[in-house]
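What follows is a set of notes on a single structure, which appears directly below.
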Amino acid sequence: MGPALEAAAIVPTRTKPVDGRTVLLCALAIPLGVAASIIAQILVHLIYAITNLTYFHHLSLAPVNFIGIHLSPWTIFIPILGSIVVGFMARYGSAAIRGHGIPEAMEKILLDESRIPPRLTFLKPLSAAIAIGTGGPFGAEGPIIATGGALGSLVGQLFHTTASERKTLLASGAAAGMAATFGAPVSSVLLAVELLLFEFRPRSMIPVALAASTAAAMRIIFDGAKPIFDMPILDHPAGGALALYILLGAFIGLCSVAVTKAVYYVEDNFEHLPVHWMWWPAIGAVAVGVIGYFAPRTLGVGYYNISDFLSANMAVSAVAYLFLLKFLSWVISLGSGTSGGTLAPLFTIGGGLGLCTGACFQHFFPAAGVDLRVAALVGMAAMFAGASRALLTSAVFAFETTLQPLGLLPLLGGCTASFLVSSLLMRTTIMTEKIARRGVNVPSEYAADFFDQISVREMLTPNPITISPTQTVAELRAWVDSRVPGSTHQGYPVLSPQGHLLGIITRRQFLDPAVEPARTADSLLSRPPILVYSDASLRDAADHMVNHDIGRLPVLDRQSRQLVGILTRSDLLRAHRQRLTADHTTARTLRPSPISPKTYNPTSA
């Protein structure tokens with residue numbers, strides 16, 4: 001290709017891991033982390049204020065718990081009244097305040113280009129504060145995560161970002177909300193990757209990490225560096241105990257499937273009630289009030305219950321009583337469609353179940369050295385791993401919230417076993433079942449782009465048939481009519497006598513009846529050549545085809561600037577077939593491809 005023509009040629013731009021837009025997202029993510037941490041503080045203290053006012057009849061922002069409290073029968077009506085308010089807010093404010101928080105954010109990412117209505121930024125935390133403050137058995141983290149995500153989406157809309165950039169900002173706000181609640185920045189980033197981003201790219205990871213670390217630093221300023229779940233220092237797990245912790249994780253995985261199905265069973269039954277959905281939270285709150293009267297510790301967030309499980313400060317019978325009633329109260333209330341989170345209840349149920357199962361292991365295998373505290377820790381994380389399929393988030397979260405490094409090995413084994421069992425028995429998760437029922441396909445596997453790993457030279461068709469610029473349209477038509485090999489192709493490179501690429505013409509151009517037979521091939525070239533170099537990736541080539549609405553690209557060697565082949569859409573599909581064949585889960589259903597990868601020798605081109 002001549003220098004002048006080379007300067008005019010249209011080639012794909014090589015993608016970069018990060019660029020100036022990434023810097024902009026980082027500049028937005030840091031204040032987003034600060035804002036999310038402030039929102040978290042406001043929501044948590046608003047919950048304290050409502051709880052103090054409704055249950056203890058005084059106005060205070062001090063933390064509350066229900067340990068050793070005996071409630072009046074009249075307190076049964078407090079959750080019902082709070083749920084009536086939430087029902088009215090959902091009907092006349094926004095129905096999007098209903099639900100867990102994370103599934104709704106996932107749906108906005110998958111269906112609405114990460115656009116969340118601005119009113120949710122204050123309606124979601126306010127409704128959650130009322131629901132939890134009046135006794136709802138939920139965690140504050142779900143609404144905080146949803147609010148942070150809504151704030152990130154709002155920032156993205158204000159700055160006119162792309163859908164991908166809004167997704168990054170939404171995930172940054174959500175991760176910041178979780179980090180601000182638990183002081184767990186690493187697991188917050190992993191949560192964003194596993195449940196929101198559906199990718200692992202520097203341009204999205206960097207802003208999310210900055211937002212989460214900023215929010216975690218702000219939490220230290222507000223609440224100190226003490227872990228949210230305090231527990232005694234652990235010992236190294238013995239081999240026998242480690243095997244039992246893995247078995248415990250598998251059992252918890254089985255239970256996580258039952259918990260998920262129970263939530264949606266209750267939700268499906270509420271759908272059949274002959275009353276408007278705005279009244280469902282009040283109906284579900286009847287169970288919350290009644291159970292809360294007999295077991296006050298089931299009311300509210302209850303992070304102190306998790307701490308007691310992890311310290312083994314409660315009798316096994318009391319733990320079983322508490323986590324079973326907490327499960328019953330939570331599953332009915334959540335299924336009613338009120339506003340609340342899932343993380344803290346899952347941790348409570350899993351921690352209690354793990355401690356009780358660990359006690360059984362101690363009875364039947366006394367020599368194994370099972371530690372009830374570790375059993376509770378593994379149970380807590382494994383329940384979330386099985387219910388949400390966020391494997392790394394679950395293990396790292398349990399470590400960050402307890403700062404017990406010796407628990408990492410049992411955590412990884414138990415969470416992995418839970419993840420395996422859950423994946424075998426359940427197609428969706430507690431986070432994705434609702435949106436999967438609406439026909440939304442939620443990504444469940446994150447892999448590097450296969451096209452990014454293959455260069456054009458590996459899949460191009462070498463030695464393409466070329467056309468001389470002086471050939472006439474009449475000659476080309478006669479050649480096509482002869483039906484010789486190669487005359488059925490859809491496009492042909494035009495080469496100068498010196499072998500330089502001038503462009504590409506298509507059958508449609510020279511077979512057009514309006515074109516005069518005497519015209520030459522070079523007169524049909526209407527634009528500079530659109531080409532790709534042999535060392536480019538298939539992803540760059542595919543994007544280049546889409547951007548210019550073409551089905552084939554001439555391929556040049558970058559060093560010699562000579563034509564070495566042509567890349568078509570069929571070549572892209574052939575590469576995709578190789579990926580499917582390499583995947584053991586689909587290889588059995590595919591016929592072997594008769595076409596092998598094509599190579600070329602640039603020195604002989």
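The values are calculated or read from the model by the stated rules, or taken from the named source; none is laboratory data. Bear in mind the structure is a predicted one, so any value in this text is a computation, not a measurement. Note: ideal-geometry Cβ built from the backbone for every residue, glycine included; neighbour counts use all protein chains shown. Just so you know, the surface numbers come from the protein's heavy atoms only, side chains and all, with ligands and any DNA or RNA stripped out. Shrake-Rupley method; radii C 1.70, N 1.55, O 1.52, S 1.80 Å.
Being open to solvent by 60 Å² or more (accessible area, probe 1.4 Å) and touching a Lys or Arg at 6+ places or on another chain (Cβ under 8 Å) is the filter; apply it to the range 450-459 and report the residue that is farthest from residue 108 (Cα to Cα).
The initial filter retains those residues of the range 450-459 that are open to solvent by 60 Å² or more (accessible area, probe 1.4 Å), namely 452-453, 457-458.
With the extra rule that they be touching a Lys or Arg at 6+ places or on another chain (Cβ under 8 Å), the set shrinks to 452, 458.
On the way: 452: 28, 458: 39 Å.
Of everything passing the filter in the range 450-459, 458 is farthest from residue 108 (Cα to Cα).
As a summary of the residue check, residue 420 satisfies the conditions (1) surrounded by 18 or more Cβ atoms within 10 Å (Cβ to Cβ); (2) at pLDDT 95 or above except for the one numbered (1). Among the residues of the range 56-75, those that are closer than 23 Å to residue 43 by Cα, assigned to a loop (DSSP other than H, G, I, E, B) and in contact (Cβ under 8 Å) with a residue 24 or more places away in the chain comprise 64, 65, 66, 67.
I'd like the residue in the range 345-370 that is in contact with a Phe, Trp or Tyr (Cβ under 7 Å, 6 or more places away or on another chain) and small (Gly, Ala, Ser) and, out of all such residues, is nearest to residue 263 (Cα to Cα). The qualifying residue nearest to residue 263 (Cα to Cα) is 350. All conditions in (1) assigned to a helix (DSSP H, G or I); (2) without any contact (Cβ under 8 Å) to a residue 40 or more places away in the chain; (3) open to solvent by 30 Å² or more (accessible area, probe 1.4 Å) hold for residue 190, with the sole exception of (2).
The single residue among 400, 445 that is free of Cβ contacts under 8 Å to residues at least 60 places away in the same chain, open to solvent by 10 Å² or more (accessible area, probe 1.4 Å) and among the acidic types (Asp, Glu) turns out to be 445.
Looking only at the range 168-180, decide whether some residue is within 30 Å of residue 333 (Cα to Cα) and touching a Phe, Trp or Tyr at 6+ places or on another chain (Cβ under 9 Å). The answer is yes; a qualifying residue exists. Exactly one residue among 480, 494, 515 is assigned to a helix (DSSP H, G or I) and open to solvent by less than 50 Å² (accessible area, probe 1.4 Å), and that residue is 480. Annotation: residue 433 fulfils all but one of (1) surrounded by 19 or more Cβ atoms within 10 Å (Cβ to Cβ); (2) touching a residue at least 60 places away in the same chain (Cβ under 8 Å); the unmet one is (1). In the range 76-117, the residue that is nearest to residue 283 (Cα to Cα) out of those that are in a helix (DSSP H, G or I) and among the charged types (D, E, K, R) is 91. For the residues 416, 428, the requirement of being under 30 Å from residue 265 (Cα atoms) and part of a helix (DSSP H, G or I) singles out 416. Condition check for residue 315 on (1) crowded, with 24+ Cβ neighbours inside 10 Å; (2) free of Cβ contacts under 8 Å to residues at least 60 places away in the same chain; (3) over 22 Å from residue 43 (Cα atoms): one failure, at (1). For the range 441-463, the set of residues classified as closer than 20 Å to residue 545 by Cα, in a loop (DSSP other than H, G, I, E, B) and out of contact with any Gly (no Cβ under 6 Å at 6 or more places or on another chain) consists of 449, 454, listed by residue number.
The numbered conditions (1) under 25 Å from residue 253 (Cβ atoms); (2) more than 28 Å from the chain's Cα centre (by Cα) are all true for residue 341 except (2).
Residues in the range 558-572 that are within 13 Å of residue 461 (Cβ to Cβ) and not in a strand (DSSP E or B): 569, 570, 571, 572.
Determine which member of the set 341, 354 is surrounded by 24 or more Cβ atoms within 10 Å (Cβ to Cβ), in contact (Cβ under 8 Å) with a residue 60 or more places away in the chain and assigned to a loop (DSSP other than H, G, I, E, B). The conditions single out 341.
Taking residues in the range 504-517 that are without any contact (Cβ under 8 Å) to a residue 24 or more places away in the chain, and partners anywhere that are assigned to a helix (DSSP H, G or I), the pairs with Cβ atoms closer than 6 Å and at least 6 places apart or on different chains are 509/524. Residue 138 satisfies every condition listed in (1) assigned to a helix (DSSP H, G or I); (2) within 25 Å of the chain's Cα centre (by Cα); (3) of a type in the set (A, V, I, L, M, F, W, C); (4) at pLDDT 80 or above except (1).
Here residue 34 qualifies as within 20 Å of residue 150 (Cα to Cα) and open to solvent by less than 70 Å² (accessible area, probe 1.4 Å).
The sole residue among 102, 50, 78 that is in contact (Cβ under 8 Å) with a residue 24 or more places away in the chain and open to solvent by 30 Å² or more (accessible area, probe 1.4 Å) is 50. Could you identify the single residue in 366, 443, 462 that is more than 30 Å from residue 223 (Cα to Cα), in contact with a Lys or Arg (Cβ under 7 Å, 6 or more places away or on another chain) and not aliphatic (A, V, I, L, M)? The conditions single out 462.
Does residue 533 qualify as being in contact (Cβ under 8 Å) with a residue 60 or more places away in the chain and buried (at least 16 other Cβ atoms within 10 Å of the Cβ)? When the stated conditions are applied, residue 533 passes them. Scanning the range 154-186 for residues that are in contact with a Lys or Arg (Cβ under 6 Å, 6 or more places away or on another chain) and open to solvent by 10 Å² or more (accessible area, probe 1.4 Å) yields one hit, 183. For the range 518-528, the condition of being polar (S, T, N, Q), touching a strand residue (DSSP E or B) at 6+ places or on another chain (Cβ under 9 Å) and farther than 18 Å from residue 506 by Cα holds for none of the residues.
Taken as a whole, the condition of being at pLDDT below 85, surrounded by 12 or more Cβ atoms within 10 Å (Cβ to Cβ) and over 49 Å from the mean Cα position of the chain (by Cα) applies to residue 499. With respect to (1) open to solvent by less than 10 Å² (accessible area, probe 1.4 Å); (2) farther than 30 Å from residue 241 by Cα; (3) among the small types (Gly, Ala, Ser), the lone exception for residue 407 is condition (2).
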